[in-house]
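Below is one structure, written out as structure tokens, with a few remarks after it.
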Amino acid sequence: MATDLEAVAKERGLKYFLISFTDLMGVQRAKLVPASAIGSMAKAGAAFAGFATWLDMTPADPDLFAIPDPESLIVLPWKPEVGWLAADAWMNGKPVEHAPRNVLKQLIVEASAKGYEMKTGVECEFFLISPDGKEIADSADRQQKPCYDQAALMRRYDVIAEICDAMQALGWRPYQNDHEDANGQFEMNWQYDTALVTADRHSFFKYMVRSIAERHGLRATFMPKPFADLTGNGCHAHVSLWADGRNLFDDPAGELGVSALGYQFLAGMLHSAAALAAVFNPTVNSYKRINAPPTTSGATWSPSSITYTGNNRTHMIRIPEPGRFELRLADGAANPYLLQAGILAAGLDGIAQARDPGKRLDINMYTCGSTVEAKKLPQNLLDALRLFESSPLLPDLTPAYVKLKRAEWDAYSRHLSPWERANTLDV
């Protein structure tokens with residue numbers, strides 16, 4: 001039975017709803033709707049001028065309607081009279097094909113028709129920085145190797161605990177929080193779920209982290225490489241494919257406990273990684289992370305080549321345990337919906353084409369990468385866009401996405417670093 005938002009509002013004491021959609025640049029757009037009006041909005045959607053957001057539209061286009069998904073409802077833990085709703089973009093009575101959540105939902109339908117359901121978890125790294133964005137917020141956080149630094153973690157206990165408490169209250173089943181490899185950097189993990197649920201939670205998580213950080217007088221950023229000498233913000237994705245409650249990647253007889261189907265899916269990721277870098281690494285700044293020299297901690301923890309391995313963090317894809325793999329390519333700027341869409345599209349292609357990933361590499365790619373022949377990731381956003389444009393994986397997305405991202409590249413080329421920083425600190 002569909003969720004009755006009017007009834008939920010009365011039951012839970014909600015006064016307002018944020019009807020929210022994520023545009024092509026990963027920016028969340030919303031309208032604040034009083035509970036008294038949510039009944040009509042739930043059916044018709046909230047009206048937006050699409051051109052005023054990062055979608056491929058003009059001022060002459062009719063209204064874009066963001067139709068909320070009642071099943072996505074999240075009550076703001078820090079403002080419990082407000083409910084957040086992920087919404088789908090519609091125009092002229094049909095879904096906007098290139099809107100990120102619609103792109104993902106269409107791929108989920110295609111996967112379901114083949115009997116598959118993708119489940120994923122994401123590891124979202126972020127920095128806590130000064131309100132002006134110029135430096136990390138904790139001046140005492142200065143270890144050369146700060147990863148897992150207990151003292152630095154506990155100095156930010158109030159912020160991290162509030163975010164984790166919120167996730168527990170929301171039923172996300174968070175299970176660990178840590179100080180990451182860069183000074184001022186943190187990561188928080190919650191349980192994996194189906195691709196759409198994970199994408200919705202990923203989108204809300206970024207909003208929640210920023211909001212709670214602001215409540216503590218801080219600023220949070222998921223920018224891929226905000227500081228040149230420090231490790232950047234990754235967004236690693238853990239992936240498995242399911243059917244009828246069974247993990248199709250799990251095979252005790254398979255190499256490293258992964259089934260033949262799992263390796264085909266993985267091979268699809270390898271095959272399309274260079275093109276999908278435009279989606280997984282969507283900003284000019286992204287390529288300062290995946291093509292970076294060693295940082296003050298000694299390693300970037302990001303890939304530069306298209307390789308896979310077992311439990312080895314120097315490769316683009318690793319298999320940490322049976323039944324799943326970890327894609328380490330994406331960064332903090334990745335659109336939560338397009339990240340999932342890109343993974344699923346590439347994996348389905350790998351299965352359809354029965355692709356072979358080849359032999360895995362078990363070497364340290366940071367020290368021995370030059371000793372093997374491995375395809376390199378794109379060196380910049382423009383190269384990635386050219387590869388993405390020629391890829392058949394996401395046809396509904398490609399023209400609109402490439403158009404906007406080429407405009408981003410052109411703006412960067414004209415204005416260089418001031419433009420880049422101003423436009424990527426808040427992705």
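Some observations on this one:
- The set of residues from segment 222-235 being crowded, with 22+ Cβ neighbours inside 10 Å and not small (Gly, Ala, Ser) comprises 222, 223, 224, 225, 226, 230, 231, 233, 235.
- Selected residue (only one of 249, 265, 280 is open to solvent by less than 10 Å² (accessible area, probe 1.4 Å), touching a Cys at 6+ places or on another chain (Cβ under 9 Å) and hydrophobic (A, V, I, L, M, F, W, C)): 280
- The residues in segment 165-204 that are assigned to a helix (DSSP H, G or I), more than 22 Å from residue 28 (Cα to Cα) and among the hydrophobic types (A, V, I, L, M, F, W, C) can be counted, and the count is 1.
- Residue within segment 125-147 that is of a type in the set (D, E, K, R), under 30 Å from residue 347 (Cβ atoms), in contact with a Phe, Trp or Tyr (Cβ under 6 Å, 6 or more places away or on another chain) and part of a strand (DSSP E or B) present: no
- Meeting the requirement of 2 or more residues that are open to solvent by less than 30 Å² (accessible area, probe 1.4 Å) and modelled with pLDDT of 95 or more, the strands (runs of 3 or more DSSP E) wholly within segment 1-112 are 16-22, 46-48, 64-68, 82-91.
- Residue pairs whose Cβ atoms lie under 6 Å apart, sitting 6 or more positions apart in sequence or on different chains, and linking a residue in segment 51-65 that is more than 14 Å from residue 99 (Cα to Cα) to a partner that is open to solvent by 70 Å² or more (accessible area, probe 1.4 Å) and not in a loop (DSSP other than H, G, I, E, B), are 58/51; 59/51.
- Listed by position, the helices (runs of 4 or more DSSP H) inside segment 309-400 whose residues that are open to solvent by less than 30 Å² (accessible area, probe 1.4 Å) and of a type in the set (Gly, Ala, Ser) number at least 1 are 336-352, 381-389.
- When residue 153 is tested against (1) free of Cβ contacts under 8 Å to residues at least 12 places away in the same chain; (2) of a type outside the set (Lys, Arg); (3) in a helix (DSSP H, G or I), exactly one condition is not met: (1).
- Near pairs, Cβ below 8 angstrom, 6+ apart or cross-chain, from segment 15-34 (within 26 Å of residue 425 (Cβ to Cβ)) to any residue that is open to solvent by less than 40 Å² (accessible area, probe 1.4 Å) and basic (Lys, Arg): 21/101; 22/101; 28/206
- Among residues of segment 113-122, those that are within 18 Å of the chain's Cα centre (by Cα) and either modelled with pLDDT under 95 or not aliphatic (A, V, I, L, M) (or both), counted: 3
The values are calculated or read from the model by the stated rules, or taken from the named source; none is laboratory data. What you are looking at is a predicted structure, and each value in this text was computed from that prediction instead of being measured. As a convention, Cβ positions derive from the backbone with ideal geometry for all residues, glycine included, and neighbour counts pool all protein chains shown. Just so you know, the surface numbers come from the protein's heavy atoms only, side chains and all, with ligands and any DNA or RNA stripped out. Shrake-Rupley method; radii C 1.70, N 1.55, O 1.52, S 1.80 Å.
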